[in-house]
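The values are calculated or read from the model by the stated rules, or taken from the named source; none is laboratory data. Everything numeric in this text was worked out from a predicted model, so none of it was measured. So basically every Cβ, Gly included, is an ideal-geometry build from the backbone, and we count neighbours across all protein chains shown. Note: areas computed on protein heavy atoms with side chains; ligands, DNA, RNA excluded. Shrake-Rupley method; radii C 1.70, N 1.55, O 1.52, S 1.80 Å.
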Amino acid sequence: MKKLLILLLISVLGNVGLLWFAQRQYQDTNALRLDPLQLSLYADPVPSKTVGQQRVVFFGDSRALSWSAPEMANVEFINRGIGNQTSEQIRLRFAQHVQPLQADVLILQLCVNDLKAIALFPQRRDAIVAQCKRNLQDIITPARQSGSKVLLTTVFPLGEVPLERALFWSDAIAPAIQEVNQFIAAQAGDGVTVLDAFTLLQGEANVIRPEYSRDLLHLNAQGYAVLNQHLAAALNALSQ
């Protein structure tokens, strides 16, 4: 009887958890329908630039949003990352979220949310990769036209795939990341610098080193600390 009550309690708690999760997903989905680009997240007035300071803007998805800036003299960091966004959403909000800031340097980290969708739409793999490349170019071009230098970061390596995501994952995602990163590396040129985050973070078999991983898609503080060492050097070089 006691075991039966325990099983019943576990079942009730499990159902309550599933109901909460379903409700949260429903709310998030409908909130996104009302503001598909999430432009309201950065609706505050544009801060004035300080004379003598370099303005650096992080732009992209949750990996950009979670990037804690390094301590640097005479550098103002502003973050315009939004979690779960695809490169298409990021591109479409450039004009409102980034262009008015008049960044001296724009740091880009995006595309993983496009590429993880290959598991759900394997037949669209090539189109998804092509869209990532096109959207990257369509952000770089207006940024350069606005006078900003661009610091492109390669797409970070993946962490270990947890059991709960195994059914919604594909071995085709990692090679797609490599293809996009090759494209990113080729963009280096006048006003565009590439920071190869993938190489800095990767361990064996092209996955992230465990000590840098928070989960499948995200870095921990140690991972960002490694990137910041190289980011600071790159920004110093760009300020010369």
Practice prompt. Count the net charge of all other residues whose Cβ sits under 13 Å from the Cβ of A130, scoring Lys and Arg as +1 and Asp and Glu as -1.
Written response: -1
Worksheet item: Around A205, what is the net charge, scoring Lys/Arg as +1 and Asp/Glu as -1 over all other residues with Cβ under 15 Å from its Cβ?
Response: -2
Practice prompt. Find the accessible area per residue for the chain; the probe is 1.4 Å, ligands and nucleic acids are left out, and the unit is Å².
Written response: 55 Å²
Worksheet item: Taking amide H positions as placed 1.01 Å from N in the peptide plane, with prolines and chain starts having none, which residues 5 or more places from L195, or on another chain, fall under 5 Å of its amide H?
Response: L152, T153, T154
Worksheet entry | Sulfur and carbon atoms: percent of accessible area, region 114-161 [1.4 Å] | 48 percent
Worksheet item: Could you name the aspartates and glutamates in cross-link range of K133, using Cα to Cα under 13 Å and dropping any fewer than eight places away on the same chain?
Response: E88, D114, E179
Response to the item:
The set of residues whose placed amide H lies less than 5 Å from the amide H of L219, leaving out same-chain residues fewer than 5 positions away, is R214
